[in-house]
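Take a look at the structure set out below.
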Amino acid sequence: MDKILQPWPWYVSGPLIALIMAILILLGKRFGMSSNLRTICAIGGAGKVADFFRFDWKAQRWNLIVAIGAVLGGYIAINFLSNDAAVTISQDSIEALKELGITDGGSAYMPALLFGEGVFSSTKTILLLLVGGFLVGFGARYAGGCTSGHAISGLSNLQLPSLIAVIGFFAGGLLMVHFIFPLIF
Amino acid sequence: MRSLSYLLVGIFFGIVMFKSEAASWFRIYEMFRFEAFHMYGIIGSALLLGIVFTQWVKRKGVKSVYGEKISIVDKKMSFARYAIGGVLFGLGWGLAGACPGPMYTLLGAGFLPILVVIFGALLGTLAYGLLKNRLPH
């Protein structure tokens, strides 16, 4: 039980992600989480303003159920399967974060500066989270998939388009962390 | 019955995302600084097994548990959409520290500011739908 309550090492987590993709494929479905965002837009009536959202979203209900499950899984994991949710990142990262003014690296799961209680009273933080989310949503649909759809499912199917997308993911992430973070934090 | 199996897969996925720390903003930051092997180990091992599994399904013509044919379609080849869309996604992934799967997990784990990220992601999806025909693909 103690092993479960500790953070799971990469060599357990990675194979379990492959297992999740395998189960979904064997159920006749696909592993791709960002499609849900399009489905939610369609349910919200976005079909009235763009053709892109006029599709049979009911056929995508299974994926929304997976997403609801992921919410429940997060609740179960933090409340029943974790002693201490602090993420032990490398000392180098902890030091680099301190220079940005993020002081809880190594002692929390998420940085309080972005995900703590006080966030809702900071316009700047709200804006950063909103822009981050916007880029994720826009980029995922433009690229036709996210980490699950391209980096796991697409690359598993040896797709060159997915390789281009994943190289793009990393180029964008490197640009953000190395060049834009020093400007915004 | 089928819905229940999707729900269970989702719960399992949410637990794995949280316990692997792939849902942690800190892990994503550390990954983009190349300061730990953790995230590369997760993605790399998932991918290695994923390739073996996917090629096995394709070559053996494996059927789904419901006896239906499994067709794993190829992605349409182009460059602009994957490169530009990919970079934009990466910028957001680095900033918010969460991709679409972990967003749901973090909501369940009680990090309420993730709601702002999810709202932003829905706005981004909507914006793409509106601009789709004017963007290079």
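Report yes if residue A:126 is open to solvent by 10 Å² or more (accessible area, probe 1.4 Å) and farther than 27 Å from residue B:13 by Cβ, otherwise no.
yes
Please find, among A:144, A:137, A:133, the residue that is open to solvent by less than 10 Å² (accessible area, probe 1.4 Å), under 18 Å from the mean Cα position of the chain (by Cα) and without any contact (Cβ under 8 Å) to a residue 24 or more places away in the chain.
Numbers: A:144 fails: open to solvent by less than 10 Å² (accessible area, probe 1.4 Å); A:137 fails: without any contact (Cβ under 8 Å) to a residue 24 or more places away in the chain.
After ruling out the rest, the residue left standing is A:133.
Take the conditions aromatic (Phe, Trp, Tyr) and not in a loop (DSSP other than H, G, I, E, B) and apply them to residue B:82. Does it pass?
On the way: aromatic (Phe, Trp, Tyr): yes; not in a loop (DSSP other than H, G, I, E, B): yes.
Answer is yes for this residue.
In this structure, is residue B:12 facing another protein chain (nearest Cβ under 7 Å), open to solvent by 30 Å² or more (accessible area, probe 1.4 Å) and farther than 24 Å from residue A:94 by Cβ?
Working: facing another protein chain (nearest Cβ under 7 Å): yes; open to solvent by 30 Å² or more (accessible area, probe 1.4 Å): yes; farther than 24 Å from residue A:94 by Cβ: yes.
Yes: the conditions hold for residue B:12.
Among what's in segment A:79-99 and is open to solvent by less than 30 Å² (accessible area, probe 1.4 Å) and part of a helix (DSSP H, G or I), pick the residue that is nearest to the other protein chains (Cβ to nearest Cβ).
A:93
A quick yes/no check of all residues on (1) modelled with pLDDT under 95; (2) in a loop (DSSP other than H, G, I, E, B); (3) open to solvent by 10 Å² or more (accessible area, probe 1.4 Å):
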| position | (1), (2), (3) |
| --- | --- |
| B:18 | no, no, no |
| B:29 | no, no, no |
| B:40 | no, no, yes |
| B:52 | no, no, yes |
| B:71 | yes, yes, yes |
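For segment B:105-129, which residues satisfy the criterion of being of a type in the set (Phe, Trp, Tyr) and assigned to a helix (DSSP H, G or I)? It would help to see each step written out before you state the result.
In the first step, residues of segment B:105-129 are kept if they are of a type in the set (Phe, Trp, Tyr); the result is B:111, B:119, B:128.
Result: B:119, B:128.
Condition first: open to solvent by 20 Å² or more (accessible area, probe 1.4 Å) and closer than 25 Å to residue B:30 by Cα. Now tell me which residues in segment A:60-78 satisfy that.
If we filter segment A:60-78 for residues that are open to solvent by 20 Å² or more (accessible area, probe 1.4 Å), which is where we start, we get A:60-62, A:64-65, A:68, A:71-72, A:75-76, A:78.
Of everything in segment A:60-78, those that are open to solvent by 20 Å² or more (accessible area, probe 1.4 Å) and closer than 25 Å to residue B:30 by Cα turn out to be A:71, A:75, A:78.
To keep it simple, each residue is scored yes or no on (1) within 15 Å of the chain's Cα centre (by Cα); (2) at the interface with another protein chain (Cβ under 7 Å from one of its Cβ atoms); (3) aromatic (Phe, Trp, Tyr); (4) under 30 Å from residue A:178 (Cα atoms).
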{"site": "B:49", "(1), (2), (3), (4)": "no, yes, no, no"}
{"site": "B:55", "(1), (2), (3), (4)": "no, no, no, no"}
{"site": "B:60", "(1), (2), (3), (4)": "no, no, no, no"}
{"site": "B:67", "(1), (2), (3), (4)": "no, no, no, no"}
{"site": "B:73", "(1), (2), (3), (4)": "no, no, no, no"}
{"site": "B:94", "(1), (2), (3), (4)": "yes, yes, no, yes"}
{"site": "B:119", "(1), (2), (3), (4)": "no, yes, yes, yes"}
{"site": "B:128", "(1), (2), (3), (4)": "no, yes, yes, yes"}
{"site": "B:135", "(1), (2), (3), (4)": "no, yes, no, yes"}
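Quick one: how many residues across segment A:1-42 are among the aliphatic types (A, V, I, L, M), touching a residue at least 24 places away in the same chain (Cβ under 8 Å) and surrounded by fewer than 17 Cβ atoms within 10 Å (Cβ to Cβ)?
Qualifying residue count for the region: 2.
What's the total number of residues in segment B:94-104 that are more than 16 Å from residue A:35 (Cα to Cα) and part of a helix (DSSP H, G or I)? Spell out the reasoning first.
The first filter runs over segment B:94-104 and keeps only residues more than 16 Å from residue A:35 (Cα to Cα), leaving B:94-97.
Adding the requirement that they be part of a helix (DSSP H, G or I) leaves B:94-96.
So the count comes out to 3.
Which of (1) within 7 Å of chain A (Cβ to nearest Cβ); (2) buried (at least 22 other Cβ atoms within 10 Å of the Cβ) does residue B:98 not meet, given it meets every other one?
Every listed condition holds for residue B:98 apart from (1).
State the number of residues belonging to segment B:78-137 that are of a type in the set (A, V, I, L, M, F, W, C), closer than 14 Å to residue B:17 by Cβ and without any contact (Cβ under 8 Å) to a residue 60 or more places away in the chain.
5
Determine if segment A:15-22 includes at least one residue that is of a type in the set (Gly, Ala, Ser), part of a helix (DSSP H, G or I), at pLDDT 95 or above and not assigned by TED's automatic domain parsing to the domain that holds residue A:137.
Kept after step one, since they are of a type in the set (Gly, Ala, Ser), are these residues of segment A:15-22: A:18, A:22.
This time we only want the ones that are part of a helix (DSSP H, G or I), so: A:18, A:22.
From what's left, at pLDDT 95 or above: A:18, A:22.
If we keep only those that are not assigned by TED's automatic domain parsing to the domain that holds residue A:137 as well, we get A:18, A:22.
Checking segment A:15-22: at least one residue is of a type in the set (Gly, Ala, Ser), part of a helix (DSSP H, G or I), at pLDDT 95 or above and not assigned by TED's automatic domain parsing to the domain that holds residue A:137.
Evaluate the following for residue A:103: is it open to solvent by 50 Å² or more (accessible area, probe 1.4 Å), without any contact (Cβ under 8 Å) to a residue 24 or more places away in the chain and in a loop (DSSP other than H, G, I, E, B)?
Values: open to solvent by 50 Å² or more (accessible area, probe 1.4 Å): yes; without any contact (Cβ under 8 Å) to a residue 24 or more places away in the chain: yes; in a loop (DSSP other than H, G, I, E, B): yes.
Yes; evaluated as a whole, the condition is true for this residue.
In segment B:101-136, how many residues are crowded, with 24+ Cβ neighbours inside 10 Å and charged (D, E, K, R)?
0
The values are calculated or read from the model by the stated rules, or taken from the named source; none is laboratory data. Computed from a predicted structure; not experimentally measured. When we count neighbours, we look across all protein chains shown, and the Cβ atoms used for this are built from the backbone with ideal geometry, even at glycine. Remember, those area values only see protein heavy atoms, side chains included, never the ligands or the DNA or RNA. Shrake-Rupley method; radii C 1.70, N 1.55, O 1.52, S 1.80 Å.
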